[in-house]
1. Return the inverse of the average 1/r over all pairs of distinct C-alpha atoms in the stretch 70-169, which is the Kirkwood hydrodynamic radius, in Å to one decimal.
2. Nearest 20 debye, what's the magnitude of the dipole of the chain about its Cα centre given +1 on Lys and Arg Cβ and -1 on Asp and Glu Cβ?
3. Can you pull out the chymotrypsin sites (Phe, Trp or Tyr not before Pro) in the stretch 99-208 that DSSP calls coil and that have at most 15 other Cβ atoms within 10 Å?
4. Between Val71 and Leu110, what length in nm is gained on full extension when 0.36 nm per residue of separation is reduced by their alpha carbon distance?
5. Please tell me the relative contact order of the stretch 19-109 in percent, rounded to the nearest whole number, where contacts are Cα pairs under 8 Å and at least six residues apart.
6. Could you tell me the calculated FRET efficiency between Phe142 and His194, based on Cβ-Cβ distance and R0 = 35 angstrom, to the nearest 0.05?
7. Rank-order 50-61, 186-197, 8-19 by packing density, defined as the average count of other C-beta atoms within 10 Å over each peptide's residues, highest first.
8. Would you kindly give the portion of the calculated P(r) for the chain that falls above 22 Å, as a percent of all Cα pairs?
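Read-outs throughout are calculated quantities, based only on the coordinates presented, and are distinct from any laboratory measurement. The structure presented is a predicted model; accordingly, all values stated were derived computationally and were not measured. Note: ideal-geometry Cβ built from the backbone for every residue, glycine included; neighbour counts use all protein chains shown.
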Amino acid sequence: MMATTHALAGAVLAVVVAVVFPESAAATTPVPVLAAAALGGLFPDFDLYAGHRKTLHFPVYFSGLAVPALVAAALSPSTLTLSVALFLAAAALHSVMDAFGGGLELKPWLGTSDRAVYSHYHNRWIRPRRWIRYDGAPEDLFAAAVFAVPTLYAYDGTIQLGVYAALGISAVYVLVRKPMVVAAQTAVDAMPEHLVDRIPDRFVEDFR
Ligand SMILES: [Zn+2]
């Protein structure tokens with residue numbers, strides 16, 4: 001799934017807290033809390049260039065950390081404690097959601113990879129369910145739009161603007177997702193072999 005889909009899914013967690021607990025920071029100081037939740041949704045994908053879907057993806061451990069953090073936020077409610085808890089919960093949701101997307105291959109629409117996300121707890125890769133076939137698939141944009149609805153409905157101003165920006169970025173990404181790979185394939189084909197050898201395997205192995 002796209003990073004924006006994950007960020008918007010993370011934001012939904014903050015909306016749920018704001019609706020269920022209208023006294024909480026998610027309702028009274030929504031901008032930092034929503035930002036923390038959205039950032040938690042993005043965070044695991046910062047491992048894109050180093051051990052993608054393994055280095056910063058922890059489906060079990062993030063979930064395990066989110067529970068005590070949520071308890072702490074309930075016992076000692078503040079913008080900070082709730083932001084930390086929602087950051088972790090959103091990162092957990094991201095790591096779990098990746099199992100329902102595509103595999104790790106560079107052309108994930110071909111469906112050849114059996115690696116969706118790594119579980120450090122189980123010491124193995126979880127296989128892709130492909131409910132959303134690959135990041136940037138049309139159904140990925142649909143998921144992003146569905147996740148955007150609660151936040152758009154519950155907030156206005158800066159937050160709404162942020163959500164529309166995320167949807168705009170998603171739509172552009174969906175349009176360029178396959179052409180981008182075709183361009184990369186053309187570039188690798190045209191490149192002398194000794195240059196291709198210097199690029200990390202993960203980025204070129206499927207193109208050779
Ligand atoms: Zn991910």
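1. Across the stretch 70-169, the inverse of the average 1/r is 15.7 Å.
2. 340
3. Of the chymotrypsin sites (Phe, Trp or Tyr not before Pro), the ones in loops of the stretch 99-208 whose Cβ has at most 15 other Cβ atoms within 10 Å are Tyr121, Trp131.
4. Result for the pair: 9.8 nm of gain on full extension.
5. Reported as a whole number, the value is 35 percent.
6. About 0.20, to the nearest 0.05.
7. 8-19, 50-61, 186-197
8. In whole percent, the share of Cα-Cα pairs in the chain beyond 22 Å is 52.
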